[in-house]
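The values are calculated or read from the model by the stated rules, or taken from the named source; none is laboratory data. Quantities reported herein were computed from a predicted structural model and do not represent experimental measurements. When we count neighbours, we look across all protein chains shown, and the Cβ atoms used for this are built from the backbone with ideal geometry, even at glycine. With ligands, DNA and RNA removed, areas are computed over all heavy atoms of the protein, side chains included. Shrake-Rupley method; radii C 1.70, N 1.55, O 1.52, S 1.80 Å.
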Amino acid sequence: MSLARQRLLIIGGSYAGSELASHARANGYCEDIVIVSEEAELPYHRPPLSKSYLKEPAEEGTPLRAAAFYSANNIELELGVRVLQLDPATNAAVLSNGARITFDVLALTVGARPRELTCAGSDLKNVYYLRSIADARALRAAAAEAENVVVIGAGFIGLEIASVLVQQHKQVTVIEAEDRVLARVVAPEVSEFFSTQHAHHGVKLLTSRSVHSLVGERGIVRRVILDDGTSIDADTVIVGIGSVPNLELSQQLGLMSRNGIAVDSRSRTSQANVFAAGDCVSYVGPYNSSGIRLESVQNAIDQSRVAGAVIGGADRAYESIPWFWSDQYNLKLQIVGLPAGATESVTRPGTTSDISVFHFRGDACICIESVNRPREHMYARKLLPRGVVTKKQLQDVDFDISALNKL
Ligand SMILES: Cc1cc2nc3c(=O)[nH]c(=O)nc-3n(C[C@H](O)[C@H](O)[C@H](O)COP(=O)(O)OP(=O)(O)OC[C@H]3O[C@@H](n4cnc5c(N)ncnc54)[C@H](O)[C@@H]3O)c2cc1C
């Protein structure tokens, strides 16, 4: 009889990796747990990188958990090491430091990376992406010297960065290929709301425009040329055109994927001993009937909690309602639910600094976007799964959603 201990190997040490390890332990997994992560830092909070971190020269990363948590729970951390290769025949991972580590259970929590700009000049200096704390350090240092900043992409990250830098008195231009900002994630009314806010603060927004090339001098970016020939001065360019899931390792194992590693409601991949969670995953759930890849802290945490619990022996399914947030200026956008499939929307306008939009499929409210209405958002998170909000109530501007909480 073999007395060899078994091992759960987790690749990727961020929200999903850290949470998965902690929940596997809490649910009774008593074998070895090793997290291997490419970044040298303890798992840390990523959202501040495009928000407070850029504002505060003294701010450093905030760990998700103290080092003592991992040692107390007997979770081994291998930081600053990349997994290069997985060998399905021997259940082994080959690491960038030359080590080889075997596993019985594997969890892929490898996240996503920024989609790269591919036009001429995209390899010039002073062209930045933002995913890691190392990226944020480089961007913060560059921003201190910058005068003319061009942000390519008006998604959450691009607009959050624009809002910080324009308040630092930089000339900020945002280029967006779609005809409105945040087009992939919010209703037209909310796009309009944020466009007005950015314009008010002095950001120049160019929608329905795409980048033709970047032009440099002595290897450093100097101008951004648009498809219509417009030339914009730039000493700093920030690219925020979405992300792509890190699928290389799952492909080596031949796992099923659909714009993300395909998992079921228990975070199981198409291979019995392999789990996956977070930004690298596509799943079908109660709030989405075809596979979706969500990129949010809520998703990474809740999904990896399920994975950890299942690895620990519990029977748990991922059924949480999705929610997201974004901070720009003094505005907090919060979204609960997913708008895909909505047939009608009801807008509840407010002042210049608040608004909400409720999306319905038939009579069912499926998603609520709100700005600076935290109370409404918190009630919505509780009420949406219970389906108790009606169009008629919302069309009444005086209706207080908190009244429904008593139902
Ligand atoms: C700037 C920024 C701002 C954001 N703001 C918000 C926000 O306001 N609200 C919100 O909900 N979400 C926000 N997000 C998204 C949120 O941070 C992600 O959804 C979340 O980090 C996903 O966690 P994860 O653990 O799945 O993956 P990740 O955080 O991407 O972590 C994956 C880890 O795996 C490592 N890794 C990858 N491949 C390997 C390998 N082969 N070997 C070893 N290690 C590997 C990576 O280096 C990384 O450390 C933001 C993201 C960014 C970048």
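Key figures
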item: Additional length obtainable on full extension of the chain from A67 to L331, 0.36 nm per residue less Cα span; result: 91.7 nm
item: Descending Cα extents along the principal axes, the stretch 116-241, whole Å; result: 43, 31, 24
item: Label-point gap, in nm, between D315 and A340 - each point 7 angstrom along Cα→Cβ; result: 2.9 nm
item: Long-range Cα-Cα pairs in the chain (distance over 37 Å), rounded percent; result: 29 percent
item: Where N is the number of residues in the stretch 330-406, Cα Rg divided by 2.2 N^0.38 Å; result: 0.99
item: Efficiency of FRET from Cβ geometry, T351 and N288, R₀ 41 Å, rounded to 0.05; result: 0.80
item: Along each principal axis, Cα extent of the stretch 13-159, largest first, Å; result: 54, 33, 26
item: Accessible area per residue, Å², the stretch 330-406 with all protein chains present, probe 1.4 Å; result: 48 Å²
item: In nm, spacing of pseudo-spin labels at R5 and M378 (7 Å Cα→C-beta vector); result: 4.3 nm
item: Beta bridge orientation in the stretch 116-241: antiparallel %, DSSP, nearest 5; result: 35 percent
item: The chain - percent relative contact order, Cα under 8 Å, separation 6 or more; result: 15 percent
